[in-house]
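Down below is the structure, laid out as structure tokens.
The values are calculated or read from the model by the stated rules, or taken from the named source; none is laboratory data. All of these numbers come straight from a predicted model, not from anything done at the bench. Glycine also receives a Cβ, built like all others from the backbone with ideal geometry; neighbour counts cover every protein chain displayed.
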Amino acid sequence: MTVTLFIPCFVDALFPRVGISMVQILERLGHRVECPEDIACCGQPAFNSGYWDESRAIAGPVLQKLRDKEAVVIASGSCGAMLKVFYPQLFADRPEAADADRLSSHVWEFSDFLVRKLGVTDLGARFPSKVTFHDGCHGLRELGIKRSPRALLEKVQGLELVEMPDCETCCGFGGTFAAKFPMISTAMGEVKCTSAAATGADYIVSNDSSCLMQVQGLLSRQGSRQKTIHLAEILAQQ
């Protein structure tokens, strides 16, 4: 099929390797990949801050460009939830409502797309390390994604997955939350880092780069040897 990638702002600006890894994986599976360069932010920061009119101004062009795509795949549970769950709310009772509902039906977070849409778990990846997985809030709570990333990790050669006690606990980032409440955000992140450290894992893995940015920042300040890595980067390893 033709897969349209929606690359979140964080990935585009700070973690391009995540997007490149997604392209490599999907092309190996035989799919045609397109990545429209004229699509910008999904409008989530304004939406989460209560500025829905401003969010619609940003989200409207995105909606029009993606509404008829065969499959829209996103390397983020956060932005995935915006397009799949919150666009129908944002455009409810407006002329764009039908387009938002249509787009919602073919938006997929990357790991869920591989497992539940394509039926793929073994990508022939190799990553000889001990890892632990962090469940991002939007992917877990809004999209219901729990099993898919783990099913993929379990098939990676040489990888040992060790669950941390607080895998579903928020890392404290939350977009504008981290800027408005930095002390609370930091405390939440430190709980996450402590939980991850207890596993003895070499890497903390997630399907959200924004969460990993928060956690890596704290790990670096603590002088920890643990590192963070996006799920797609592991799956692209051969």
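Here's the yes/no breakdown for (1) of a type in the set (K, R); (2) under 18 Å from L231 (Cα atoms); (3) modelled with pLDDT under 95:
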site	(1), (2), (3)
K130	yes, yes, no
H134	no, yes, no
E163	no, yes, no
P182	no, no, yes
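Just one of the listed residues (A201, A179, A197) is free of Cβ contacts under 8 Å to residues at least 60 places away in the same chain and either closer than 22 Å to P149 by Cβ or surrounded by 15 or more Cβ atoms within 10 Å (Cβ to Cβ) (or both), namely A197. If you go through region 68-80 one residue at a time, do you hit one that is surrounded by fewer than 16 Cβ atoms within 10 Å (Cβ to Cβ), farther than 14 Å from L143 by Cα and touching a helix residue (DSSP H, G or I) at 6+ places or on another chain (Cβ under 8 Å)? Within region 68-80, one or more residues are surrounded by fewer than 16 Cβ atoms within 10 Å (Cβ to Cβ), farther than 14 Å from L143 by Cα and touching a helix residue (DSSP H, G or I) at 6+ places or on another chain (Cβ under 8 Å).
Picking from residues in region 86-133 that are of a type in the set (S, T, N, Q) and assigned to a loop (DSSP other than H, G, I, E, B), the one that is farthest from the chain's Cα centre (by Cα) is S129.
Do you know which of the residues in region 114-137 that are among the polar types (S, T, N, Q) and surrounded by fewer than 19 Cβ atoms within 10 Å (Cβ to Cβ) is farthest from I204 (Cα to Cα)? Write out each step before concluding.
At the first step, the residues of region 114-137 found to be among the polar types (S, T, N, Q) are 121, 129, 132.
Then drop every residue that is not surrounded by fewer than 19 Cβ atoms within 10 Å (Cβ to Cβ), which leaves 121, 129.
Numbers: T121: 20, S129: 11 Å.
By that ranking, first place goes to T121.
If you check G200, G172 for being modelled with pLDDT under 95, of a type outside the set (K, R), assigned by TED's automatic domain parsing to the domain that holds K227 and not in a helix (DSSP H, G or I), only one passes: G172.
Of all positions in region 207-222, at least one carries a residue that is outside the structural domain of S76 (by TED's automatic domain parsing), farther than 30 Å from D122 by Cα, assigned to a helix (DSSP H, G or I) and in contact with a strand residue (DSSP E or B) (Cβ under 8 Å, 6 or more places away or on another chain). Working only within region 81-93, note down all residues that are touching a helix residue (DSSP H, G or I) at 6+ places or on another chain (Cβ under 8 Å) and of a type outside the set (A, V, I, L, M). Residues satisfying the conditions are K84, F86, Y87, P88, F91. Scanning region 44-66 finds no residues that are touching a Lys or Arg at 6+ places or on another chain (Cβ under 6 Å), surrounded by fewer than 22 Cβ atoms within 10 Å (Cβ to Cβ) and not assigned by TED's automatic domain parsing to the domain that holds L159. In this structure, is L140 surrounded by 24 or more Cβ atoms within 10 Å (Cβ to Cβ), assigned to a helix (DSSP H, G or I) and not hydroxyl-bearing (S, T, Y)? It is false that L140 is surrounded by 24 or more Cβ atoms within 10 Å (Cβ to Cβ), assigned to a helix (DSSP H, G or I) and not hydroxyl-bearing (S, T, Y).
Only residues that are at pLDDT below 95 and touching a Pro at 6+ places or on another chain (Cβ under 9 Å): list them for region 210-238, please. Matches in region 210-238: S210 only. Sub-7 Å Cβ pairs linking a first residue in region 1-22 that is under 24 Å from S104 (Cα atoms) to a second residue that is among the aromatic types (F, W, Y), at least 6 apart or interchain, are M22/F110, ordered by first then second residue.
Looking only at region 143-159, which residues are assigned to a helix (DSSP H, G or I), under 13 Å from the mean Cα position of the chain (by Cα) and in contact (Cβ under 8 Å) with a residue 60 or more places away in the chain? The answer is P149, and nothing else. Of all residues in region 45-72, those satisfying the criterion of being touching a Leu at 6+ places or on another chain (Cβ under 9 Å) and in a helix (DSSP H, G or I) are F47, W52, S55, R56, A59, V62, L63, L66.
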